[in-house]
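J.: My questions all concern the structure below.
The values are calculated or read from the model by the stated rules, or taken from the named source; none is laboratory data. All figures in this text were calculated on a predicted structure; none of them were measured in a lab. Glycine gets a Cβ as well: all are built from the backbone with ideal geometry, and neighbour counts include every protein chain shown. Heavy atoms of the whole protein, side chains included, go into the accessibility calculation; ligands, DNA and RNA do not. Shrake-Rupley method; radii C 1.70, N 1.55, O 1.52, S 1.80 Å.
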Amino acid sequence: MSVSIWQADDTQAWQEVDFLVIGAGLAGCAAAYFAAQAGHDVVITDARDLALGASSRNAGFMITGLATYYHRALQRYGQHVVREMWDISQKSIGYWREFAQMGAVRLDECGSMLLAETKEEARELEQAARAMEAAGLPLAFIEGDPLGRGYHAAIRQPQDAAIQPYELVEVICNASGARLIPNNELYKLEQLDKETVIAYTRQFRFRARYVMLCTNAYSPLVHPYFVGKVIPTRAQVLVTAPLENTPIVGTCGYSDYGYMYYRDTFDGRLLVGGGRNHHREQEHDTTDDRTTDPIQRTLEAYLRRRFPDIDAPIERRWAGIMGFSVDGLPLVGTLPELPRVGFAVGFTGHGLSLGAATVERAVDHLLNGAPLGAVDAARLH
Ligand SMILES: Cc1cc2nc3c(=O)[nH]c(=O)nc-3n(C[C@H](O)[C@H](O)[C@H](O)COP(=O)(O)OP(=O)(O)OC[C@H]3O[C@@H](n4cnc5c(N)ncnc54)[C@H](O)[C@@H]3O)c2cc1C
């Protein structure tokens with residue numbers, strides 16, 4: 001994304017803003033909420049409109065934890081970081097539940113099921129389960145196939161849930177009390193003096209005391225700092241017509257190391273998503289949110305293999321762009337040379353698992369210099 005000199009020539013009207021959020025997705029609206037709670041007057045602006053990025057295109061799984069199975073996460077990040085991220089995840093999901101209760105957000109307290117596609121994955125799941133048990137985390141390991149659909153083992157996380165993500169973002173935005181300015185792309189940032197940032201957007205020049213970037217996958221297009229740190233990565237889903245008898249009521253299923261997933265929607269359809277691991281090159285490093293035939297064929301094959309009893313037609317297909325950080329953990333901090341510009345990006349396909357509490361830290365850091373812990377982007381410097 002970029003803005004031409006014909007669209008905006010740096011003479012746009014000025015707006016004085018206390019706390020400006022760029023990006024009106026889950027993260028941006030949560031940032032607006034926490035900043036408002038801290039006593040700030042908040043404006044959110046977006047190149048498109050509320051939640052039109054990944055935040056209303058996702059599957060709506062609120063799964064506690066990281067993208068990697070628990071024992072593998074311990075090997076990769078160490079116990080201290082994994083524990084901290086688990087706490088962030090539990091706290092985030094708690095926040096989403098509180099927001100959901102503030103409005104008419106549909107939420108299914110169905111728990112989640114991490115399912116093994118192969119015997120090898122079943123062994124991995126068992127190791128993950130043992131490591132989680134040792135850490136005192138709530139789960140049940142199930143040997144064999146709990147669903148009679150050809151899986152090999154499962155971990156059930158009873159505390160997880162599935163949500164209607166667009167409704168969630170709407171409620172958070174309203175709860176924040178922030179003013180939303182849509183259709184307004186940011187194209188330049190300048191630190192005017194120690195306490196003032198100028199944000200150049202298509203419609204306005206904002207003179208802001210604080211700016212928070214919540215542009216996730218699009219961050220490398222916003223500022224070069226994010227190039228090589230956040231990789232835009234496409235995710236795709238399909239949804240069937242409403243089923244006569246939904247055979248999957250009551251769970252979010254997550255298999256093939258999280259690369260495949262399915263759930264029932266609130267109107268009795270089956271949603272199937274994922275398949276990215278079979279087409280890495282095409283899905284990696286792109287902001288093109290059109291669906292593609294190879295991935296859609298992979299999803300259809302999964303549907304036929306695991307749900308042969310379902311013959312409802314496919315009614316909708318869509319794609320969205322996730323922001324993958326290079327090490328799989330969110331990135332929070334302030335931009336070099338722009339100390340009043342904070343950011344919370346790189347949710348790595350887990351914005352509903354990690355978003356709210358990560359963003360809360362980001363706001364506290366920008367306003368008060370609070371420590372960032374495991375999500376501190378400085379770890380990549
Ligand atoms: C198909 C799919 C399935 C997924 N399933 C799940 C799931 O089940 N569970 C889960 O936890 N996560 C899931 N995710 C990931 C989740 O959706 C994201 O982690 C989350 O939405 C990130 O929120 P965000 O607000 O950071 O980003 P976004 O929602 O992408 O918001 C970023 C916003 O920034 C705006 N923006 C960008 N550049 C500019 C600019 N220059 N000026 C102004 N505005 C700008 C964009 O228009 C956009 O609205 C999935 C994602 C996809 C695509």
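J.: Considering only residues that are acidic (Asp, Glu) and in contact with an Asp or Glu (Cβ under 9 Å, 6 or more places away or on another chain), look in the stretch 114-149 and name the one that is least open to solvent (accessible area, probe 1.4 Å).
T.: 121
J.: If you don't mind, there's one more thing I want to ask. Does at least one position in the stretch 270-277 carry a residue that is out of contact with any His (no Cβ under 6 Å at 6 or more places or on another chain), away from the ligand (no atom under 13 Å from the Cβ) and closer than 30 Å to residue 344 by Cα?
T.: Yes, some residue in the stretch 270-277 is out of contact with any His (no Cβ under 6 Å at 6 or more places or on another chain), away from the ligand (no atom under 13 Å from the Cβ) and closer than 30 Å to residue 344 by Cα.
J.: Just wondering, is there one or more residues in the stretch 189-199 that are in contact with a Ser or Thr (Cβ under 6 Å, 6 or more places away or on another chain) and farther than 29 Å from residue 329 by Cβ?
T.: Within the stretch 189-199, not a single residue is in contact with a Ser or Thr (Cβ under 6 Å, 6 or more places away or on another chain) and farther than 29 Å from residue 329 by Cβ.
J.: Among the residues that make up the stretch 192-203, is at least one of them among the hydroxyl-bearing types (Ser, Thr, Tyr), within 25 Å of the chain's Cα centre (by Cα) and either more than 23 Å from residue 65 (Cβ to Cβ) or more than 16 Å from the ligand (Cβ to nearest atom) (or both)?
T.: Checked against the condition, which is being among the hydroxyl-bearing types (Ser, Thr, Tyr), within 25 Å of the chain's Cα centre (by Cα) and either more than 23 Å from residue 65 (Cβ to Cβ) or more than 16 Å from the ligand (Cβ to nearest atom) (or both), the stretch 192-203 yields at least one hit.
Let's see how each residue does on (1) over 20 Å from residue 133 (Cα atoms); (2) in contact with an Asp or Glu (Cβ under 7 Å, 6 or more places away or on another chain); (3) not hydroxyl-bearing (Ser, Thr, Tyr):
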residue	(1), (2), (3)
41	yes, yes, yes
56	yes, no, no
86	no, no, yes
90	no, no, yes
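J.: Could I ask something else about it? Given the stretch 55-162, what strands (runs of 3 or more DSSP E) lie entirely inside it while holding 3 or more residues that are more than 16 Å from the ligand (Cβ to nearest atom) and in contact with a strand residue (DSSP E or B) (Cβ under 6 Å, 6 or more places away or on another chain)?
T.: 140-143, 153-157
J.: Of all residues in the stretch 150-184, count the ones that are open to solvent by 30 Å² or more (accessible area, probe 1.4 Å) and closer than 21 Å to residue 351 by Cβ.
T.: Looking only at that region, the number is 9.
J.: Applying the selection to the stretch 134-180, what residues are over 20 Å from residue 44 (Cβ atoms), in contact (Cβ under 8 Å) with a residue 40 or more places away in the chain and charged (D, E, K, R)?
T.: Of everything in the stretch 134-180, those that are over 20 Å from residue 44 (Cβ atoms), in contact (Cβ under 8 Å) with a residue 40 or more places away in the chain and charged (D, E, K, R) turn out to be 149, 156, 160.
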